[in-house]
Amino acid sequence: MVNESVQKISSAFMLFDLSKGNLMKIAFQEITRGHEKIFIHLKFDESIDDVKIVASSVTTQGLELPTKLIEVPEIDGRVLVLPVLSVNQRAKITALLADGSKVECSKEIAPFIAKLHSQVNTARKNYITEKIRNCDANQIWGFPDVKVIRVIQKDESSDIVHGEVTVRGSSLQSISGDVDIQVLSRDGFSVASKPWLSMGDSSYEPEDLPGSFIRTIIFSVCIKRDIKGLIFIACFNNDQIANGFEGYQGRTIREFRDAWKRRTLSADADPFYEDWFLSQRADPKQLELQRQRRFAIEPIFSFIIPAFHTPLAYFKEMADSVLSQSYGRLELIVVNASPEDTKLAALIDNYAHRDNRIREIRLDHNLGITENTNVGIRAAKGDFVCFLDHDDVIEQDLLFNYVRGLNQYPTTDLFYCDEDKLHGDHYESVFFKPDWNIDLLCSCNYVCHLLTVRRSVLDEVGLSSAKFDGSQDHDLTFKVGEVARNVYHARRVLYHWRVHEGSTAAAIAEDAKPYAVTAGILAVQSHLNRCHIDGTVTDVPSGYKIEYHFAECPLVSIVIPNNDSVNILGRCINSIIKNSTYQNIEILVVENNSKQNETFKYYEQLQAQYHNVRVVSIETNGVFNFSKVVNFGFKEAKGDYLFMLNNDVEVISPDWIEQMLGPCLRKEVGAVGSKLIYPDGTLQHAGVCLQKEFGPDHLGKFLLAHDRRYYDMLNRTQDLSAVTGACLLTKRQAFNLVGGLDEQNFAVDFNDVDYCLKLRSRGLLVVYTPFAKLTHFESASRGMHDSKEKRIRFRCERGSLEKKWPKYYEYGDPYMSPSFNNDCKYRGF
């Protein structure tokens, strides 16, 4: 007797339709594969217009799998779409009948058999299989498209995958609802090590298809490494949207990972750097032209070489590189602190007889690197003093570049250039340096080579003492930099720091020598003391860190624009109040254009609960204008130190305010920015660079937050051209000086960049500190540029920025080398 509610047939060839009282036949016919999916032609012998057909599939272990049922106009029946697996799966077809009953049938799909059928049908050029292969790519309505954007290596055993889900519908309601992202292996098991995270969710009506709506969800998921194949699934709790899924072979995921590595490869790790350098260095013709060049200002340079048991071959290369300079007005003073080394003494003597520009000072014994250097300085006769290590090499046009810079900027008192390391006969580990950067210098001695200072300034500031041994050049750079009228950075690789056993370069490549770290701390601390900056220097993995002291704790006003978004705002404010160690704050919520009653109820609760939280309202006629909202908030604020803070951030480091307020207290600083991290642990912001021709972008975006590439620059306090307004601290005096944010030209975008550039144009610094960390749920509170009006506005504001600050677009960012590629946010070569 047939069960009247459910009829199951183990054969996959027929369904029993009780409403008609006869058998409905269904056949699993042609099978093909494409894009890591199986496509099966389902053919029915009778009309199924009034019958709802549902498909599902499970592995032999009972694990549920995604499926699709698609109508293809060119063929009869439906197409069942399944993921490619490495194990068998059982596909089930269910007919939901008009009387409420249902009948089911199933068929087991073996991966080998599916592959064989696909190969045969492809070889025969089967018409049906050509029509059904990848037929889901042509489905628009209600069929989500799932794709991988990038794969980021998290550690040795896992990756972070960023992907995108796109779904179209005829209304916003048809594409609404919660979504769940799953990642399965080829055997049907989940490989996500953590729940997926949303990185953005935006809906809009496209211009090219009026009456339709597109929703885009950016997701991040952490997966286990080295899986042979992956299936990404998007499941919506909306009956109008089918499951979306996409399969990727293991090698494809590896290709994504490798592509991301290549794109974000930093210059110091580029295996092709040496080829590039050799193609860029001055050739013999250029050097000859340089020798013939005459300048209005032609100073004499004194090279100071403290020599101590220098290997003879290295001394020869060093001396030859100096004596072959295309600008020849120089002297080479060798302070020999190892007179017992007769071979070295004889070699120095030989050079001195051959070239009268060489002088030797022979010491009775080694006085230490600093005092040995000081002996040479006292004997120098040049206008500028150059500090060259006894085993390093310089390019033949180094002095030419310095003299050319001096003639462009005659008040220059300090020179330095870019450098790399000379390992054997090979050039590697290039360091393209920023222009003068006092906060970076407090983090590490980035200047280093070839430090050259004006002799008169050196006499003014005095020589370093032996207590700075190991960091004597760092101390000297500070002292000269503090009084220098101009600092010139030659943006060329002109210095080669030799790496060999026992060399400083080799020590730094592994770990800094303890005495050098101690001396470095002393050098930075001495700088702070001379400049009357109240702080203590400590060493951290990225170099040095200043812990600022506060004689007083000024009121800090945190201004947060808000439009509805109660949950987002609540998370932000709770994290500030509960996690912040700095207490003298006020939080000013600037209400603009909210519509929901719960928002205003929350405002009342906030102000009743916290004495230091205020809500003020601004009328913008329903149009969002970030600049106008912030300007209004700052005018209403009571503090002299003002935060502009997005409502979609959450405090990570409890002392975030102290870490930003410390540098902001300095008179020369106009604004301070923080490190912002996506919820999945990747970087959203580590400062802003202005790429030549392309404009502003966030440094380090999507790199791991703890990434230490390119000399750990993402983790060093430094001066930059701009920082994001999502978390920016400024002082009221500076804000008033430049007239606040530009409400007319930068209503939504680039107002923070413009504000920072205005500060810099007034001689104020913009500082980035990695020690203030916040999570940024970017795009959670505001949609992307997904409408015609928004895209036009974005282009106008981007154009306004280029028109207002053209030198950055033409010459690039002073803190980013022109040798970096256009994606200089990764400092790639």
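The values are calculated or read from the model by the stated rules, or taken from the named source; none is laboratory data. Note that the coordinates shown come from a computational prediction; the quantities given were computed from them, not determined experimentally. A quick note on method: Cβ atoms are made from the backbone with ideal geometry, for glycine too, and the neighbour counts reach across all protein chains shown.
Could we say that Cys448 is under 29 Å from Gln286 (Cβ atoms) and either assigned by TED's automatic domain parsing to the domain that holds Lys667 or in a strand (DSSP E or B) (or both) here? No, not satisfied.
Here His309 meets the list (1) without any contact (Cβ under 8 Å) to a residue 40 or more places away in the chain; (2) loosely packed, with under 12 Cβ neighbours inside 10 Å almost entirely, failing just condition (2). Scanning the range 616-674 for residues that are touching a Cys at 6+ places or on another chain (Cβ under 7 Å) and aliphatic (A, V, I, L, M) turns up Leu645, Val649, Ala671, Val672.
State all residues of the range 233-249 that are aliphatic (A, V, I, L, M) and over 13 Å from Gln139 (Cβ atoms); if no residue qualifies, say none. Selection gives Ile233, Ala234.
Against the numbered list (1) at pLDDT 95 or above; (2) more than 21 Å from the chain's Cα centre (by Cα); (3) among the polar types (S, T, N, Q), Ser220 comes up short only at (2). Scanning the range 215-231 for residues that are touching a residue at least 60 places away in the same chain (Cβ under 8 Å) and under 18 Å from Gln139 (Cα atoms) yields a total of 1. Looking across the range 459-477, the residues that are closer than 17 Å to Ile369 by Cβ and assigned to a helix (DSSP H, G or I) come down to Ala466, Lys467, Phe468, Gln472, Asp473, His474, Asp475, Leu476, Thr477. Please go through the range 282-304 and give me each residue that is in a loop (DSSP other than H, G, I, E, B) and crowded, with 16+ Cβ neighbours inside 10 Å, ordered by number. Listed by number, the residues that qualify are Ala282, Pro299. The residue pairs whose first member lies in the range 474-486 and is farther than 15 Å from Ser464 by Cα, whose second member is polar (S, T, N, Q) and surrounded by fewer than 19 Cβ atoms within 10 Å (Cβ to Cβ), and whose beta carbons are closer than 9 Å, counting only pairs six or more residues apart or on different chains, are Ala484/Thr411; Arg485/Thr411; Asn486/Thr411. Listed by first and then second residue, the pairs with beta-carbon distance under 7 Å, at least 6 apart or on different chains, first residue in the range 110-133 and within 19 Å of Pro83 (Cα to Cα), second basic (Lys, Arg) and surrounded by 12 or more Cβ atoms within 10 Å (Cβ to Cβ), are Ala114/Arg33; Lys115/Arg33; Ser118/Arg33.
The residue that is surrounded by the most Cβ atoms within 10 Å (Cβ to Cβ), among those in the range 210-247 that are touching a His at 6+ places or on another chain (Cβ under 9 Å) and within 12 Å of Val151 (Cβ to Cβ), is Ser220. For Leu440, state whether it is modelled with pLDDT under 95 and either surrounded by fewer than 23 Cβ atoms within 10 Å (Cβ to Cβ) or in contact with a strand residue (DSSP E or B) (Cβ under 7 Å, 6 or more places away or on another chain) (or both). Criteria not met by Leu440. Among the residues of the range 32-46, is there at least one that is over 28 Å from Asn238 (Cβ atoms) and without any contact (Cβ under 8 Å) to a residue 24 or more places away in the chain? The answer is yes; a qualifying residue exists. When the residues of the range 674-726 are filtered to those that are hydrophobic (A, V, I, L, M, F, W, C), assigned to a loop (DSSP other than H, G, I, E, B) and within 14 Å of the chain's Cα centre (by Cα), the one that is nearest to Arg827 (Cα to Cα) is Leu699. Per the listing Gln290, Gln396, the residue uniquely of a type outside the set (Val, Ile, Thr), under 42 Å from the mean Cα position of the chain (by Cα) and over 17 Å from His496 (Cα atoms) is Gln290. Among the criteria (1) surrounded by fewer than 19 Cβ atoms within 10 Å (Cβ to Cβ); (2) modelled with pLDDT of 95 or more, the one Ala551 does not fulfil is (2). Each residue in the range 735-767 was checked for being of a type in the set (A, V, I, L, M, F, W, C) and closer than 15 Å to Val559 by Cβ, and 2 of them qualify.
For the range 98-106, state whether one or more residues are at pLDDT 80 or above and surrounded by fewer than 16 Cβ atoms within 10 Å (Cβ to Cβ). No, the range 98-106 has no match at all.
Residue check: Glu510 meets all listed conditions (1) at negative phi; (2) at pLDDT 95 or above but one, namely (2). What single numbered condition from (1) under 22 Å from Tyr416 (Cα atoms); (2) touching a helix residue (DSSP H, G or I) at 6+ places or on another chain (Cβ under 8 Å) fails to hold for Ala269? It fails just one condition, (1).
Residue-wise test of (1) outside the structural domain of Tyr248 (by TED's automatic domain parsing); (2) of a type in the set (Ser, Thr, Tyr); (3) within 21 Å of Asn243 (Cα to Cα).
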| residue | (1), (2), (3) |
| --- | --- |
| Lys25 | yes, no, no |
| Ile70 | yes, no, yes |
| Asp76 | yes, no, no |
| Lys102 | yes, no, no |
| Ser118 | yes, yes, no |
